[in-house]
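*Asks:* Dropping the structure in here first, questions after.
Computed from the coordinates by the stated procedures, all read-outs in this text should not be read as laboratory data. Small disclaimer: the values here were computed from a predicted structure and weren't measured. Here the Cβ is made from the backbone with ideal geometry for all residues, glycine too, and neighbour counts use every protein chain on show.
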Amino acid sequence: MMRYAYTSHHWPSAGSNAATAMVTNAYSLTYLALETQAVMTMRILGMAGLWPVTRSENKRMLDEKLSAMTEAQWAMWRASLGLGGPSAVLAAGLRPLRVKTRSNARRLGKRAFKVKR
């Protein structure tokens, strides 16, 4: 059985642009996951009547998914033609998705129930 040694040339060095891109993409993926979970929770609670949402929220949810995924796909395609490498393609695809999830989380979060004092 052959064993492979993982030497330093397999991973980008700490000061390289590739390392910075990896960390930036990791943060973007983490924030995307957290914002998506928050938005899904608020929308499901809204469907159950436990969170204040507008009547058009369900339609908006479906419309946004199609437009955001299409925009992300085209951004990734354009980035792949630019020869930026895998991290540039991932970053280009994450950008439109993060814009949508961030705006949805803020918009739905502002509609939270207000506690009267």
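*Asks:* Taking the radius of gyration and the Kirkwood hydrodynamic radius from Cα positions alone, what is the Rg/Rh ratio for the chain, to two decimal places?
*Replies:* On the way: Rg = 19.3 Å, Rh = 16.8 Å.
So for the chain, dividing Rg by the Kirkwood Rh gives 1.15.
*Asks:* Another question, then. Starting from the Cα of Met40, step 7 Å along the direction of its Cβ; do the same at Met69; then give the gap between the two resulting points in nm.
*Replies:* In this crude label model, Met40 to Met69 measures out at 1.4 nm.
*Asks:* Report, in debye and to the nearest 20, how large the dipole of the chain comes out about its Cα centre when Lys and Arg carry +1 and Asp and Glu carry -1 on their Cβ.
*Replies:* Taking the Cα centre of the chain as origin, the dipole is about 780 debye.
*Asks:* Below 8 Å between Cα atoms, with a sequence gap of 6+, how large is the relative contact order for the chain in percent?
*Replies:* 33
*Asks:* Which of rounded, prolate or oblate describes the stretch 18-73 when judged by the alpha-carbon gyration tensor and an a/c cut-off of 1.5?
*Replies:* In terms of gyration-tensor shape, oblate.
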